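J.: One structure follows; several queries about it will come next.
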Amino acid sequence: IPKEYMVTELGTEIRELWAASIKSFEHAGARIKYISLPHTKYALAAYYILAPAEASSNLARYDGVKFGHRSSTKAETIEDLYCASRTEGFGDEVRSRILLGTFVLSRNLYNSYFKKAQQIRQLVYSDYSSVFNDPSDPVDVILHPTSHAPAFPINQPPATPVHMYLNDVMTIPSSMAGLPAISVPLATSQREGLPLAMQLVGRDMEEQSLLGAAGALANAFPS
């Protein structure tokens, strides 16, 4: 159980569900250990440097000539064709990520942003590695909430991109570390009527153990 996820922003229902999930594992015979993942707090900021940078690089090929949508707008130059095709072909979120990614990959900012975010990624991985491979007391799976609040309604995302990104704060660290993880819906919020979920994170290349733990957790909360 990671102590860094016990934040004040956790809703009451999420907090109670987390406690009930811990008890369900205890009743099943699991031993509970409280751990520390100290670099978790930097993961969200690092992710939103790395992900746009990778998007900017990977989507550069979609120029409307060899790959991707080609605009029917009459273009005077090849640059005009690129601009029209990419403007029409990419949505607002994709365009914003491309712009941000291009910014952090620029020559003057690469070391200040992208390189440091890569270093944080390694620190996050090292946190997980230290608890999974602790020679004296290793853990098998890590349990924590999927989000600090219930899921938002379909087609009704949070009001601002920042609020949307904050919903990722608990799921991003395991993704940055390249570890298998699964979100398990366990209950429904009595106030919003929307799903509440817990996330389990497993060892690298041990998805079968992770799925077994997820199945045991889901069976402890029959719908």
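The values are calculated or read from the model by the stated rules, or taken from the named source; none is laboratory data. Note that the structure is a prediction, hence the values are computed from the model and not measured. Note: ideal-geometry Cβ built from the backbone for every residue, glycine included; neighbour counts use all protein chains shown. All accessible areas refer to the heavy atoms of the entire protein, side chains included, with ligands and DNA or RNA removed. Shrake-Rupley method; radii C 1.70, N 1.55, O 1.52, S 1.80 Å.
J.: If you scale each eigenvalue of the Cα gyration tensor by 5 and take the root, what three semi-axes come out for the stretch 118-223, rounded to whole angstrom and sorted largest first?
T.: With the √(5λ) rule applied to the stretch 118-223, the semi-axes are 27, 20, 9 Å.
J.: Further question on the same structure: Go through 203-212, 137-146 and give me the packing order, highest mean Cβ count within 10 Å leading.
T.: Final packing ranking: 137-146, 203-212.
J.: Probe radius 1.4 Å, ligands and nucleic acids ignored: give me the carbon and sulfur share of the accessible area of the chain as a rounded percent.
T.: After summing per-atom areas, the C and S share lands at 55 percent.
J.: In deg cm²/dmol and to the nearest 500, what is the mean residue ellipticity at 222 nm of the chain if only DSSP H runs of at least 4 residues count, each as -39500 (n - 2.57), divided by the residue total?
T.: One gets -14500 deg cm²/dmol as the mean residue ellipticity at 222 nm.
J.: Using a 1.4 Å probe and ignoring any ligands, DNA or RNA, find the accessible area of Ile120 and quote it in Å² to the nearest 10.
T.: 40 Å²
J.: Would you please give the FRET efficiency between Phe103 and Val7, computed as 1/(1 + (r/R0)^6) with r the Cβ-Cβ distance and R0 = 30 Å, to the nearest 0.05?
T.: 0.50
J.: Which of Ser36, Ser57, Ser71 ends up with the largest GNM mean-square fluctuation for the chain, with Cα atoms connected below 10 Å?
T.: Ser71
J.: Helix by helix through the chain, keep the DSSP H runs that span 20 Å or more along the axis on Cα and average at least -1.0 on Kyte-Doolittle, and give those back in order.
T.: Helix filter hits for the chain: 12-27, 40-58, 114-132.
J.: Quickly work out the Ser136-to-Glu76 label distance, labels modelled 7 Å from Cα along the C-beta direction, and quote it in nm with one decimal.
T.: 7.3 nm
J.: Where does the stretch 69-127 land on Rg(C-alpha)/(2.2 N^0.38 Å)?
T.: Normalised Cα radius of gyration, the stretch 69-127: 1.61.
J.: With every protein chain left in place, what is the accessible area per residue of the chain in square angstrom, probe 1.4 Å?
T.: 59 Å²
J.: Report the Cα centroid-to-centroid distance between the stretch 82-115 and the stretch 21-66 in angstrom, as an integer.
T.: That distance is 21 Å.
J.: Further question on the same structure: Provide the FRET efficiency to the nearest 0.05 for the Arg31-Thr188 pair, computing r from the beta carbons and using R0 = 25 Å.
T.: Result of the calculation: an efficiency of 0.25.
J.: Could you count how many Lys pairs in the chain have their Cα atoms under 30 Å apart, skipping same-chain pairs fewer than 8 positions apart?
T.: Going through the chain pair by pair, I get 11.
J.: Still on this structure: Given the convex hull of the Cα atoms of the stretch 65-177, what is a quarter of its surface area in nm²?
T.: Averaged projected area of the stretch 65-177's Cα convex hull equals 11.7 nm².
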